[in-house]
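Okay, structure first, notes after.
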Amino acid sequence: MEYFLTDEQKMIKDLVGKITEEKIIPTRAELDEEEKFPWEIMKVLADSDLFGLYIPEEYGGFGMGCLENCLVMEELSRGCCGVSVTFAATALGTYPILLHGTEEQKKKYLPDIARGKRLAAFGLTEANAGSDAAGIQTTAVKDGDHYVLNGTKQWITNGGEAEVYTIIALTDKSKGSRGASAFIVEKDTPGFSFGKKEKKMGIRCSATRELVFEDCRIPKENLIGKEGIGFIVAMRTLDITRPGISAQAVGLAQGALEATLEYSRQRKQFGQTISSFQAIQHMLADMVTQIEAARALVYAAAKTIDSGAKNISKVSAMSKLFASDMAMKVTTDAVQIFGGYGYMREYPVEKMMRDAKIIQIYEGTNQIQRNVIALQLIKESMAR
Amino acid sequence: MEIIVCIKQVPGTTEVKIDPATNTLIREGVESIINPFDTYALEEGLRMKERWGGKVTTITMGPPQAEKALREAIAMGIDEGVLLSDRAFAGADTLATSYALFRAIEKIGSYDLIICGKQTMDGDTGQVGPELAERLGTPFVTYVKKVEEVNDGHIKVERMIEDGYEVVEMPLPGLITVVKEINEPRLPSLRGMMKAKSAEITIWTASDLGVDTSKVGLAGSPTQVVRIFAPERSRKSEILQGDVSSQVDQLVKKLREAKIV
């Protein structure tokens, strides 16, 4: 389908496609098997300037938007979602600074992130605060020129590998979600340590760790925005970056389709290639149709966000809900078409199916996405 | 350091079709790429610039669409691209090619080092680099697998030979041709691609170079390709029977009959 991408957007897609073919696809099985953090690929992405994509030019980036980020995520995910989530988590950790940071904070952190010299991460989730994000218990108490952080963040992507962390913590427990604030915490700050690296079902090359704060003192200049807007910062960040995760699902499904097409045209049963059987053809037709529908929705959501629209929660949520459910179905069907071979780790589709599951869960479960969509839908109808 | 890298755009396939009428390559309908060996030359030029500073210029000779190869080189980080393009250059063999490149380099003026790939993927001769050095009257080292150092107007390189490598020191200016063992070419960067998109490519025609048109293109090419064909493989094999000493006797007899020993 024709999405009328600009020359620059096509260029980005080509560049990342090349990186995926040459650097990611040949190494993804090993990275997955050994749960090895993809530093070498991060270096390639850095050298290709991709970390600066959405960072304004005055801080060393390209000042591009959500759609360009989606194109990068889609192409990377065609190769490996563990790699793409590592890239995406840096965006998640960076957007709070971009959206609400002071000039000093931007100057201090964005150029290094744009050059890929430092990865970033975002810490919101806790053991008792997942879908109920307002249930966080990590606190930040002001003490003179510092804030003192205490608490534990859970399942933080890039934890331990990133150097810049955006942390949501309570500055006023009595105010509930209005008492949360966002902070920048640098790796190696005394009192800031990491828990064990989690063993995961999929996206296994990405690093997921606990962030532990024990009387961790950070300068008061590291507060993002002002006290009490922590959840606004978090929600705005997630609304903008979520289509990147939707694009991850599209790319993953595209990768599964490509592998399945190639396999079904070679695999022979009953004396002919399995792609000549209508049962397989119909599955392939459903796969490609669903992928294209999801891609159209994701690009439309990204363009809506890039247009500066105000209420983006619904489109952002719709794109993630639809694309991730689609990717789960497409990758499951891919394994089915591969049959017994698909269940073996020698072929790429079982990994894709494992990777697909997380996209229905993270960046807000698909159940929470439905809540968001329904809530805004009803609000809109009431306003009419 | 002023570095010049010579590259060639070649068909991006190993199944090259030959025009039976002219015995030249059919380029239509085949995606063109930078000759893979030349990408190592580009990468080495960039690495040397990163180590010792300076500027890297790349030259190619070809039809107008060869400009794409220069833009790809600029996307990798090359500073400037020069395209030698003229109908008069068409059909050139290595001698005519090296002459055009020689005149272009003379026109550029100064340089410290010229880098070429060891050979092209389509022509496979490996002659252009050495011929160019000969015309320029500069020293050259072929099959370079490592640039060790550059100082005091000299370059020290490791040159691949059949059973190892030799270390060669050469005064500059000079020319080297490189093998794929020398490096791993980088992918383009986004900044490079954007620069490449709008970069101005210098185009020089035969008259810009002031060349004698009887020395370029088909007219300047003593090589006449009469026919191109894949030779038939005629390999016969025979398994010798019997115990070891009788097998040895049979083998010696056969080698004598074949006048090999």
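The values are calculated or read from the model by the stated rules, or taken from the named source; none is laboratory data. Just so we're clear, the structure is a prediction, and the values are computed from it rather than from any experiment. Don't worry about glycine lacking a Cβ; one is built from the backbone with ideal geometry, like all the others, and counts go over all protein chains shown.
Observations on the structure shown:
- Sub-7 Å Cβ pairs linking a first residue in region A:17-32 that is in contact (Cβ under 8 Å) with a residue 40 or more places away in the chain to a second residue that is of a type in the set (Ser, Thr, Tyr), at least 6 apart or interchain, are A:19/A:48, ordered by first then second residue.
- Of all the residues in region A:17-46, those that are surrounded by fewer than 16 Cβ atoms within 10 Å (Cβ to Cβ), under 17 Å from residue A:203 (Cβ atoms) and basic (Lys, Arg) number 1.
- Any hit, region B:249-259, residues being more than 30 Å from residue B:63 (Cβ to Cβ), in a loop (DSSP other than H, G, I, E, B) and modelled with pLDDT under 90: yes
- Failed condition for residue A:118, given (1) under 27 Å from residue B:195 (Cα atoms); (2) away from chain B (no Cβ under 14 Å); (3) under 18 Å from the mean Cα position of the chain (by Cα); (4) in contact (Cβ under 8 Å) with a residue 60 or more places away in the chain: (4)
- Residues that are farther than 18 Å from residue A:21 by Cβ and among the aromatic types (Phe, Trp, Tyr), drawn from region A:253-289: A:270, A:277
- Test set (1) of a type in the set (Val, Ile, Thr); (2) over 13 Å from the mean Cα position of the chain (by Cα); (3) part of a helix (DSSP H, G or I) - residue A:72 fails condition number: (2)
- Criterion applied to A:7, A:112, A:49, A:14 was being more than 18 Å from the chain's Cα centre (by Cα) and crowded, with 20+ Cβ neighbours inside 10 Å, and the one residue passing it is A:49.
- The number of residues in region A:20-43 being among the charged types (D, E, K, R) and more than 12 Å from chain B (Cβ to nearest Cβ) comes to 7.
- Scan of region A:75-114 for residues that are of a type in the set (Ser, Thr, Tyr) and in a helix (DSSP H, G or I), ordered by number: A:77, A:84, A:86, A:90, A:94, A:95, A:109
- Count - residues of region A:56-68 that are surrounded by 15 or more Cβ atoms within 10 Å (Cβ to Cβ), closer than 21 Å to residue A:105 by Cα, within 12 Å of chain B (Cβ to nearest Cβ) and not aromatic (Phe, Trp, Tyr): 3
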